[in-house]
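Structure first, commentary second.
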Amino acid sequence: MNSKPKPAFASDEIVLSIDTLFKAFGDNKVLNGFSLHLKKGENLVLMGRSGSGKSVLIKCLVGLIKPDSGTIEISGNNIADLEQKEMDELRTTIGFLFQGSALYDSMTVRENLEFPLRRHTKKLSQNEIEELVFDTLESVGLKHTVDLMPAELSGGMQRRIALARALILKPKIIIYDEPTTGLDPITSKEIIELMNNIQEQYQTSSLIITHDVDCARVVSNRIILLLDGVNYAEGTFEELSSSKDEKIKAFFK
């Protein structure tokens, strides 16, 4: 896979800010003062071992779990200050690619993509919905699958459709949860290339949770290492992978 480093990222506008986040379950301190800042248009990769708190962090981000302390700001909104309706509206500005794709099995590809449009955009005509569905499918190279069921698609195609569904509301931020997990090397490479294309085409700001070193190398503008509940280190792939710190080196073996 191409390991050419991505160009340096210039934007200073922060679209997602997490400051000194703490979350414990009993005596288990999962997040212990974790912080990160996602810049506009950036692909920020978060790497951490299994059980390090990545899933807990995502649930805190979307308001499913309340942190013990610390702040989360999305597009300038402190989510702790939002009413339920305001939080629901904010969630529409965030696209999610779930680890298992999470397509609705009983719906066609078309219906899977129409679902968020019909739920969150009441003013669109049927023609406008159709156009958005086909345009978004074209951006992931699967326009021809519009009337297929998820069971008729390969795992890689399902991941692409799930990504199309995440994109269809034109979110400001995309959160990728282990985007290459369970995929063969060729399909993983295709998904990784698609993630880079989406960053370029849509100017998305993306938080990418992964343990896939190849994925991190190719898609990242920056990488953060979540270790012992904190932001243990951050930098470019080249900076971190050449570190002499044994704890950092362990992520890149």
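The values are calculated or read from the model by the stated rules, or taken from the named source; none is laboratory data. The shown structure was predicted, so the numbers you read here are calculated from the model rather than taken from an experiment. Neighbour counts run over all protein chains shown; Cβ positions are idealised from the backbone, glycine included.
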Exactly one of LEU137, LEU148 is touching a residue at least 12 places away in the same chain (Cβ under 8 Å), in a loop (DSSP other than H, G, I, E, B), aliphatic (A, V, I, L, M) and farther than 24 Å from VAL45 by Cα, and that residue is LEU148
Note on VAL140: of the conditions (1) more than 25 Å from GLU13 (Cα to Cα); (2) surrounded by fewer than 16 Cβ atoms within 10 Å (Cβ to Cβ), unmet is (2)
Of SER50, SER55, the only residue that is assigned to a loop (DSSP other than H, G, I, E, B) and closer than 30 Å to LYS189 by Cβ is SER50
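Of all residues being among the aromatic types (Phe, Trp, Tyr) and closer than 22 Å to LEU183 by Cβ in the stretch 76-131, which is modelled with the lowest pLDDT? Just the residue, please.
Step one: filter the stretch 76-131 for residues among the aromatic types (Phe, Trp, Tyr), giving 96, 98, 104, 115.
Those left that are additionally closer than 22 Å to LEU183 by Cβ: 96, 98, 104.
Values: PHE96: 89, PHE98: 82, TYR104: 91.
So the residue we want is PHE98.
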Residue pairs qualifying under the 6 Å Cβ cut-off, at least six apart or on distinct chains, with the first in the stretch 94-109 being under 20 Å from ILE192 (Cβ atoms) and touching a residue at least 24 places away in the same chain (Cβ under 8 Å) and the second being hydroxyl-bearing (Ser, Thr, Tyr) and not in a loop (DSSP other than H, G, I, E, B), are LEU97/TYR176
Filter the stretch 161-202 for residues that are at positive phi and under 14 Å from the mean Cα position of the chain (by Cα); the one that is surrounded by the most Cβ atoms within 10 Å (Cβ to Cβ) is GLU178
Scanning the stretch 16-72 for residues that are among the hydroxyl-bearing types (Ser, Thr, Tyr) and within 21 Å of LEU82 (Cα to Cα) gives SER17, THR20, SER35, SER69, THR71
When restricted to ILE168, ILE209, ILE223, the only residue farther than 17 Å from ILE58 by Cα and modelled with pLDDT of 90 or more is ILE168
